[in-house]
Amino acid sequence: MLSVSLSVAALAAGLYLARWLLWGGARTRTPASASMRGQTVIVTGANSGIGKATAAGLARLQARVILACRDTRAAEQAARDIRQEAGGAGELLVRRLDLASLSSVRSFCQQVIQEEPRLDVLINNAGIFQCPYMKTEDGFEMQFGVNHLGHFLLTNLLLELLKRSAPSRIVVVSSKLYKYGEINFDDLNSEKSYNKSFGYSRSKLANILFTRELAKHLEDTEVTANVLHPGIVRTNLGRHIDIPLIGQPIFKMVSWAFFKTPEQGAQTSLYLATSPEVKGVSRQYFGDCKQEELLPKAMDDAVAKKLWDVSERMVGLI
């Protein structure tokens with residue numbers, strides 16, 4: 001019994017050391033003196049995880065933050081939590097946005113355009129991860145529909161407001177898992193075949209291609225568009241992953257030791273949204289607040305242009 005206790009203690013100590021070595025020194029690169037006072041930011045999926053941590057970081061910098069969420073009750077609770085943590089700094093507003101519904105996206109954008117005189121930063125953060133095959137309200141495969149098409153329409157409908165508010169920024173949250181994705185124009189809706197892992201990777205590759213093409217469209221404006229991966233973060237994004245009951249305690253220990261916290265995962269989003277270091281920087285891919293290289297398939301301008309054109313038709317922009 002004593003040996004088991006010692007083994008558990010040694011494992012816990014080892015995991016704690018691993019966590020400290022990996023993340024103990026993690027800090028934001030946003031200057032401590034930075035202020036977002038007078039600036040309005042939209043964060044999609046801000047009721048939990050990276051989105052909530054991003055909204056909290058912006059609130060601490062005195063921003064006016066719109067929490068754009070499908071679950072408004074959870075978003076209101078998140079806003080209360082952030083107000084308490086941030087000591088009342090900034091201004092938080094909850095607005096309903098269901099990225100699985102194009103009509104909801106349109107209604108949200110119409111409300112923003114009517115109510116907000118300016119929009120300084122749009123952070124496309126929300127996402128769904130490796131869900132079983134299902135479709136959005138408009139008949140799109142859920143991961144592609146929410147992670148790509150919903151944000152595609154959202155961004156395009158808010159572009160004029162962003163341009164009028166320039167200099168302004170668009171920040172898109174992707175994933176390193178884009179590496180396993182492929183854009184199959186013959187089966188974008190995954191009706192011929194579906195793999196939930198590859199479906200997620202495809203949607204994250206689409207995020208990158210979209211951002212790069214978007215930046216080209218914005219070359220003559222003062223609106224920048226950049227994309228990032230947050231790393232492996234401990235959030236509820238993996239709720240659709242089935243982990244055997246016997247393996248759950250081990251998974252929790254490993255995730256605690258080796259995964260980032262939401263606050264750490266939010267740092268690159270906050271960096272791209274606020275830092276003067278990236279003023280004027282556009283069409284780039286970031287991780288841990290640094291530019292990173294992309295695989296050739298994520299830099300294929302012809303595929304990016306075709307995806308843009310196809311997406312315009314799918315969401316009804318043309």
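Ordering ASP187, ASP220, ASP71 from the fewest to the most neighbouring beta carbons within 10 Å gives ASP220, ASP187, ASP71. Ignoring aspartates and glutamates fewer than eight residues from LYS176 along the same chain, the ones with Cα atoms less than 18 angstrom from its Cα are ASP288, GLU292, GLU293, ASP300. Annotation: the residues HIS217, HIS148, sorted from fewest to most other C-beta atoms within 10 Å of their own C-beta, follow the order HIS217, HIS148. Counting other Cβ atoms within 10 Å as a rough exposure proxy, the listed residues PHE129, PHE210 run PHE129, PHE210 from fewest neighbours to most.
Bear in mind that the values in this text are calculations on the coordinates, not laboratory data. Quick caveat: nothing in here was measured; it's all calculated off a predicted structure. Don't worry about glycine lacking a Cβ; one is built from the backbone with ideal geometry, like all the others, and counts go over all protein chains shown.
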